[in-house]
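**Q** Following this message is one structure expressed as C-alpha coordinates.
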Amino acid sequence: MSYSVLTPTLLQIEKPAQSQWSKVTFLSAAPWVLEALDLIAALGNLPANWDGYGSPRIDIRARDAARRFVASVAFQNLPLPQISPVLGGSVGLHWRCGDRELEFTFQPDGRIEFLRVLGADLDRDENMEQGTLSHEPQTAGLKLLLWMVGAR
Amino acid sequence: MSPRENDANIADATVLWRAVHNLQVYRDDDGVERAQSWAFESRDNEMSAWVAAETELGKLQAKFPESRIAEFTVGDARELRNIVTRDPVGDDDSHVVVCPVPGKSKAQVKKDARRLASKARLLP
(Lines give C-alpha, C1' and ligand atoms only; values in the text may rest on other atoms or scores of the structure.)
Protein backbone atom coordinates (compact mmCIF):
# COMPACT_ATOMS: atom_id res chain seq x y z
CA MET A 1 0.00 0.00 0.00
CA SER A 2 1.37 3.38 -0.90
CA TYR A 3 1.12 6.68 0.88
CA SER A 4 -1.14 7.96 -1.88
CA VAL A 5 -4.10 5.99 -0.60
CA LEU A 6 -4.00 8.05 2.54
CA THR A 7 -4.51 11.40 0.89
CA PRO A 8 -6.28 13.70 3.35
CA THR A 9 -9.83 14.43 2.33
CA LEU A 10 -11.08 16.28 5.37
CA LEU A 11 -10.97 19.64 3.68
CA GLN A 12 -10.35 20.06 -0.01
CA ILE A 13 -10.98 23.44 -1.54
CA GLU A 14 -9.90 25.18 -4.69
CA LYS A 15 -6.48 26.73 -4.70
CA PRO A 16 -6.40 30.18 -3.10
CA ALA A 17 -4.89 31.67 -6.26
CA GLN A 18 -8.09 31.05 -8.17
CA SER A 19 -10.26 33.51 -6.33
CA GLN A 20 -11.13 34.27 -2.81
CA TRP A 21 -14.76 34.11 -3.91
CA SER A 22 -14.42 30.76 -5.59
CA LYS A 23 -16.93 28.42 -4.18
CA VAL A 24 -15.81 25.42 -2.23
CA THR A 25 -15.81 22.51 -4.59
CA PHE A 26 -16.47 19.94 -1.93
CA LEU A 27 -16.05 19.53 1.75
CA SER A 28 -15.93 16.03 2.96
CA ALA A 29 -14.63 14.03 5.83
CA ALA A 30 -13.76 10.40 5.95
CA PRO A 31 -16.97 8.65 6.94
CA TRP A 32 -15.63 7.51 10.26
CA VAL A 33 -14.33 10.88 11.43
CA LEU A 34 -17.52 12.61 12.48
CA GLU A 35 -18.72 9.50 14.25
CA ALA A 36 -15.40 9.25 16.07
CA LEU A 37 -15.53 12.89 17.12
CA ASP A 38 -19.06 12.42 18.46
CA LEU A 39 -18.12 9.27 20.34
CA ILE A 40 -15.16 10.99 21.96
CA ALA A 41 -17.33 13.95 22.93
CA ALA A 42 -19.92 11.58 24.42
CA LEU A 43 -17.33 10.22 26.83
CA GLY A 44 -17.74 13.53 28.63
CA ASN A 45 -21.20 12.38 29.72
CA LEU A 46 -19.86 9.52 31.79
CA PRO A 47 -20.19 10.21 35.51
CA ALA A 48 -17.45 9.90 38.09
CA ASN A 49 -16.86 6.25 38.99
CA TRP A 50 -18.13 5.24 35.55
CA ASP A 51 -16.21 1.97 35.76
CA GLY A 52 -17.19 1.09 39.32
CA TYR A 53 -13.53 1.20 40.34
CA GLY A 54 -13.47 4.88 41.30
CA SER A 55 -12.25 6.39 38.04
CA PRO A 56 -12.79 10.13 37.66
CA ARG A 57 -14.84 11.61 34.83
CA ILE A 58 -13.16 11.62 31.43
CA ASP A 59 -11.04 14.75 31.42
CA ILE A 60 -11.85 17.41 28.86
CA ARG A 61 -8.13 17.79 28.06
CA ALA A 62 -7.91 14.11 27.19
CA ARG A 63 -11.05 14.36 25.07
CA ASP A 64 -9.77 17.44 23.25
CA ALA A 65 -6.41 15.80 22.59
CA ALA A 66 -8.10 12.71 21.18
CA ARG A 67 -10.37 14.83 18.97
CA ARG A 68 -7.43 16.85 17.65
CA PHE A 69 -5.58 13.65 16.88
CA VAL A 70 -8.55 12.15 15.04
CA ALA A 71 -8.97 15.33 12.99
CA SER A 72 -5.28 15.20 12.08
CA VAL A 73 -5.52 11.65 10.70
CA ALA A 74 -8.89 11.93 8.97
CA PHE A 75 -8.07 9.60 6.12
CA GLN A 76 -10.63 7.70 4.09
CA ASN A 77 -8.70 4.47 4.33
CA LEU A 78 -8.64 4.22 8.06
CA PRO A 79 -11.45 2.41 9.81
CA LEU A 80 -13.40 3.82 12.73
CA PRO A 81 -11.32 3.18 15.83
CA GLN A 82 -12.77 1.63 18.92
CA ILE A 83 -13.18 4.49 21.35
CA SER A 84 -13.05 3.73 25.04
CA PRO A 85 -12.97 5.51 28.35
CA VAL A 86 -9.78 4.75 30.25
CA LEU A 87 -9.16 4.84 33.97
CA GLY A 88 -7.73 8.06 35.33
CA GLY A 89 -9.90 10.24 33.07
CA SER A 90 -8.16 9.26 29.84
CA VAL A 91 -9.40 8.40 26.36
CA GLY A 92 -8.38 5.33 24.39
CA LEU A 93 -8.42 4.83 20.62
CA HIS A 94 -7.89 1.32 19.27
CA TRP A 95 -7.34 0.63 15.60
CA ARG A 96 -6.98 -2.80 14.08
CA CYS A 97 -5.98 -3.58 10.52
CA GLY A 98 -5.37 -7.24 9.69
CA ASP A 99 -2.87 -8.58 12.18
CA ARG A 100 -1.70 -5.11 13.21
CA GLU A 101 -3.12 -3.11 16.07
CA LEU A 102 -2.55 0.29 17.55
CA GLU A 103 -3.78 1.65 20.82
CA PHE A 104 -3.42 5.30 21.72
CA THR A 105 -4.13 6.51 25.24
CA PHE A 106 -4.67 10.24 25.68
CA GLN A 107 -3.87 11.28 29.23
CA PRO A 108 -5.23 14.40 30.94
CA ASP A 109 -1.67 15.69 31.37
CA GLY A 110 -1.12 15.73 27.61
CA ARG A 111 0.85 12.53 27.28
CA ILE A 112 -0.12 10.22 24.45
CA GLU A 113 0.91 6.64 25.02
CA PHE A 114 0.79 3.96 22.37
CA LEU A 115 0.86 0.19 22.17
CA ARG A 116 1.78 -1.34 18.84
CA VAL A 117 0.91 -4.99 18.27
CA LEU A 118 2.05 -7.11 15.34
CA GLY A 119 0.62 -10.55 14.82
CA ALA A 120 -1.47 -12.85 16.92
CA ASP A 121 1.40 -14.34 18.91
CA LEU A 122 1.34 -12.04 21.90
CA ASP A 123 3.74 -14.26 23.83
CA ARG A 124 6.59 -12.93 21.72
CA ASP A 125 7.70 -9.74 23.39
CA GLU A 126 9.07 -8.33 20.15
CA ASN A 127 5.54 -8.39 18.73
CA MET A 128 4.54 -5.56 21.04
CA GLU A 129 5.98 -2.11 21.57
CA GLN A 130 4.85 0.40 24.15
CA GLY A 131 5.91 4.01 24.22
CA THR A 132 4.97 7.66 24.47
CA LEU A 133 4.50 10.06 21.58
CA SER A 134 6.63 12.85 22.95
CA HIS A 135 7.94 14.83 19.98
CA GLU A 136 5.42 16.09 17.41
CA PRO A 137 2.92 13.51 18.59
CA GLN A 138 0.50 13.85 15.69
CA THR A 139 3.24 13.19 13.15
CA ALA A 140 4.54 10.30 15.20
CA GLY A 141 1.04 8.93 15.52
CA LEU A 142 0.51 9.22 11.80
CA LYS A 143 3.67 7.21 11.16
CA LEU A 144 2.34 4.48 13.42
CA LEU A 145 -0.96 4.47 11.55
CA LEU A 146 0.88 4.22 8.24
CA TRP A 147 2.70 1.22 9.66
CA MET A 148 -0.62 -0.30 10.65
CA VAL A 149 -2.17 0.00 7.20
CA GLY A 150 0.96 -1.42 5.66
CA ALA A 151 2.40 1.66 3.97
CA ARG A 152 6.14 1.41 3.54
CA MET B 1 2.00 0.02 51.47
CA SER B 2 4.03 -3.13 51.87
CA PRO B 3 4.40 -5.20 48.74
CA ARG B 4 1.71 -7.78 48.15
CA GLU B 5 2.69 -11.41 48.37
CA ASN B 6 1.38 -14.13 46.14
CA ASP B 7 -1.16 -16.34 47.88
CA ALA B 8 -0.11 -19.89 47.07
CA ASN B 9 -3.37 -21.16 48.56
CA ILE B 10 -5.19 -19.82 45.51
CA ALA B 11 -4.77 -22.51 42.86
CA ASP B 12 -3.84 -21.63 39.29
CA ALA B 13 -7.08 -23.20 38.09
CA THR B 14 -9.17 -20.80 40.17
CA VAL B 15 -11.52 -18.83 37.96
CA LEU B 16 -11.60 -15.06 38.48
CA TRP B 17 -14.20 -12.56 37.33
CA ARG B 18 -13.58 -8.93 36.57
CA ALA B 19 -16.15 -6.34 35.61
CA VAL B 20 -15.37 -4.61 32.30
CA HIS B 21 -17.26 -1.47 31.33
CA ASN B 22 -19.44 -1.88 28.23
CA LEU B 23 -17.46 0.80 26.41
CA GLN B 24 -14.31 -1.27 26.90
CA VAL B 25 -15.77 -4.18 24.95
CA TYR B 26 -15.42 -4.53 21.20
CA ARG B 27 -16.30 -7.10 18.58
CA ASP B 28 -13.27 -8.55 16.85
CA ASP B 29 -13.03 -9.38 13.14
CA ASP B 30 -14.00 -12.96 13.94
CA GLY B 31 -17.20 -11.74 15.57
CA VAL B 32 -16.06 -12.56 19.08
CA GLU B 33 -16.51 -9.91 21.74
CA ARG B 34 -13.31 -9.03 23.55
CA ALA B 35 -12.26 -6.70 26.32
CA GLN B 36 -9.89 -3.84 25.62
CA SER B 37 -6.50 -3.94 27.33
CA TRP B 38 -7.50 -0.83 29.30
CA ALA B 39 -10.00 -2.97 31.18
CA PHE B 40 -7.11 -4.85 32.76
CA GLU B 41 -5.18 -1.86 34.01
CA SER B 42 -5.36 -0.16 37.38
CA ARG B 43 -4.09 3.13 38.67
CA ASP B 44 -2.37 1.62 41.70
CA ASN B 45 -1.20 -1.64 40.11
CA GLU B 46 -3.82 -3.52 42.12
CA MET B 47 -6.46 -4.82 39.75
CA SER B 48 -9.65 -5.99 41.41
CA ALA B 49 -11.17 -9.37 40.61
CA TRP B 50 -13.42 -11.85 42.35
CA VAL B 51 -13.12 -15.60 42.90
CA ALA B 52 -16.00 -16.91 40.81
CA ALA B 53 -16.68 -19.89 43.07
CA GLU B 54 -17.05 -17.61 46.08
CA THR B 55 -19.46 -15.04 44.69
CA GLU B 56 -22.52 -14.91 42.46
CA LEU B 57 -22.63 -13.63 38.94
CA GLY B 58 -25.83 -11.69 39.59
CA LYS B 59 -24.30 -10.04 42.61
CA LEU B 60 -21.32 -8.83 40.63
CA GLN B 61 -23.50 -7.69 37.73
CA ALA B 62 -25.64 -5.70 40.17
CA LYS B 63 -22.54 -4.05 41.58
CA PHE B 64 -21.36 -3.11 38.06
CA PRO B 65 -24.57 -2.46 36.09
CA GLU B 66 -22.83 -0.85 33.11
CA SER B 67 -20.35 -3.66 32.72
CA ARG B 68 -19.78 -7.11 31.35
CA ILE B 69 -18.01 -9.80 33.31
CA ALA B 70 -14.71 -11.13 32.00
CA GLU B 71 -13.44 -14.52 33.13
CA PHE B 72 -9.84 -15.65 33.38
CA THR B 73 -7.84 -17.92 35.66
CA VAL B 74 -5.33 -17.22 38.36
CA GLY B 75 -2.87 -19.15 36.24
CA ASP B 76 -3.46 -16.79 33.32
CA ALA B 77 -2.54 -13.87 35.57
CA ARG B 78 0.48 -15.58 37.10
CA GLU B 79 1.87 -16.63 33.72
CA LEU B 80 2.13 -12.93 33.03
CA ARG B 81 4.23 -12.40 36.15
CA ASN B 82 1.47 -11.16 38.37
CA ILE B 83 0.77 -11.77 42.01
CA VAL B 84 -2.71 -12.85 43.05
CA THR B 85 -3.70 -12.36 46.64
CA ARG B 86 -6.83 -12.02 48.72
CA ASP B 87 -8.12 -8.59 49.61
CA PRO B 88 -11.42 -8.82 51.46
CA VAL B 89 -13.58 -5.73 51.10
CA GLY B 90 -16.14 -5.34 53.86
CA ASP B 91 -17.91 -8.66 54.12
CA ASP B 92 -16.87 -9.71 50.62
CA ASP B 93 -14.15 -12.30 51.05
CA SER B 94 -14.18 -13.25 47.38
CA HIS B 95 -12.32 -10.08 46.36
CA VAL B 96 -8.71 -10.50 45.24
CA VAL B 97 -6.17 -8.20 43.67
CA VAL B 98 -3.90 -8.96 40.74
CA CYS B 99 -0.62 -7.06 40.97
CA PRO B 100 2.50 -7.03 38.82
CA VAL B 101 5.55 -8.57 40.44
CA PRO B 102 7.84 -5.94 41.97
CA GLY B 103 10.11 -4.30 39.45
CA LYS B 104 7.97 -4.97 36.40
CA SER B 105 8.29 -2.01 34.05
CA LYS B 106 5.37 0.18 33.10
CA ALA B 107 5.78 -0.93 29.48
CA GLN B 108 5.62 -4.56 30.50
CA VAL B 109 2.54 -3.92 32.65
CA LYS B 110 0.81 -2.42 29.62
CA LYS B 111 1.79 -5.31 27.35
CA ASP B 112 0.65 -7.83 29.91
CA ALA B 113 -2.70 -6.04 30.23
CA ARG B 114 -3.11 -6.60 26.49
CA ARG B 115 -2.15 -10.25 26.87
CA LEU B 116 -4.57 -10.79 29.74
CA ALA B 117 -7.32 -9.13 27.70
CA SER B 118 -6.73 -11.67 24.95
CA LYS B 119 -6.88 -14.57 27.41
CA ALA B 120 -10.04 -13.38 29.15
CA ARG B 121 -13.46 -14.58 28.01
CA LEU B 122 -16.46 -12.31 28.25
CA LEU B 123 -19.48 -13.98 29.78
CA PRO B 124 -22.75 -13.66 27.86
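The values are calculated or read from the model by the stated rules, or taken from the named source; none is laboratory data. Quick caveat: nothing in here was measured; it's all calculated off a predicted structure. Methodologically, a virtual Cβ is constructed for each residue, glycine included, from the backbone with ideal geometry; neighbour enumeration extends over all protein chains shown.
**Q** Tell me, please, whether a residue that is under 24 Å from B:P124 (Cβ atoms), buried (at least 18 other Cβ atoms within 10 Å of the Cβ) and basic (K, R) can be found in region B:55-66.
**A** No - not one qualifying residue is present in region B:55-66.
**Q** Filter region A:78-89 down to residues that are of a type in the set (G, A, S) and either out of contact with any Lys or Arg (no Cβ under 8 Å at 6 or more places or on another chain) or crowded, with 24+ Cβ neighbours inside 10 Å (or both), then give me how many there are.
**A** Applying the first criterion (of a type in the set (G, A, S)) to region A:78-89 yields A:84, A:88-89.
If we keep only those that are either out of contact with any Lys or Arg (no Cβ under 8 Å at 6 or more places or on another chain) or crowded, with 24+ Cβ neighbours inside 10 Å (or both) as well, we get A:84.
Looking only at that region, the number is 1.
**Q** Another question, if that's okay. State which residue is surrounded by the most Cβ atoms within 10 Å (Cβ to Cβ) when the search covers only region B:6-23 and only residues that are under 28 Å from A:L43 (Cβ atoms) and within 14 Å of the chain's Cα centre (by Cα). Write out each step before concluding.
**A** Applying the first criterion (under 28 Å from A:L43 (Cβ atoms)) to region B:6-23 yields B:16-23.
With the extra rule that they be within 14 Å of the chain's Cα centre (by Cα), the set shrinks to B:16-21.
Details: B:L16: 25, B:W17: 22, B:R18: 24, B:A19: 22, B:V20: 27, B:H21: 24.
Per the criteria, the residue is B:V20.
**Q** Also, quick follow-up: Hey, does region A:90-100 have a residue that's among the aliphatic types (A, V, I, L, M) and exposed (fewer than 14 other Cβ atoms within 10 Å of the Cβ)?
**A** Of the residues in region A:90-100, the ones among the aliphatic types (A, V, I, L, M) are A:91, A:93.
Right, trim to exposed (fewer than 14 other Cβ atoms within 10 Å of the Cβ) and you get none.
No: region A:90-100 contains no residue that is among the aliphatic types (A, V, I, L, M) and exposed (fewer than 14 other Cβ atoms within 10 Å of the Cβ).
**Q** For region B:86-124, what are the residues that are of a type in the set (S, T, N, Q) and touching a strand residue (DSSP E or B) at 6+ places or on another chain (Cβ under 6 Å)?
**A** Answer for region B:86-124, where residues must be of a type in the set (S, T, N, Q) and touching a strand residue (DSSP E or B) at 6+ places or on another chain (Cβ under 6 Å): just B:S94.
**Q** Can you tell me which of (1) in a helix (DSSP H, G or I); (2) of a type outside the set (V, I, T); (3) modelled with pLDDT of 95 or more; (4) more than 11 Å from the chain's Cα centre (by Cα) is the one A:L34 doesn't meet?
**A** The single condition A:L34 does not satisfy is (3).
**Q** Only residues in region B:18-41 that are more than 7 Å from chain A (Cβ to nearest Cβ) count as the first member; pair them with residues that are among the aromatic types (F, W, Y), Cβ under 7 angstrom, at least 6 apart or cross-chain, and list the lot.
**A** Short answer, once both residue conditions are applied: B:R34/B:Y26.
**Q** Of A:F75, A:F69, which residue is in contact with a strand residue (DSSP E or B) (Cβ under 9 Å, 6 or more places away or on another chain), surrounded by fewer than 21 Cβ atoms within 10 Å (Cβ to Cβ) and more than 21 Å from B:A39 (Cβ to Cβ)?
**A** Just one listed residue meets the conditions, A:F75.
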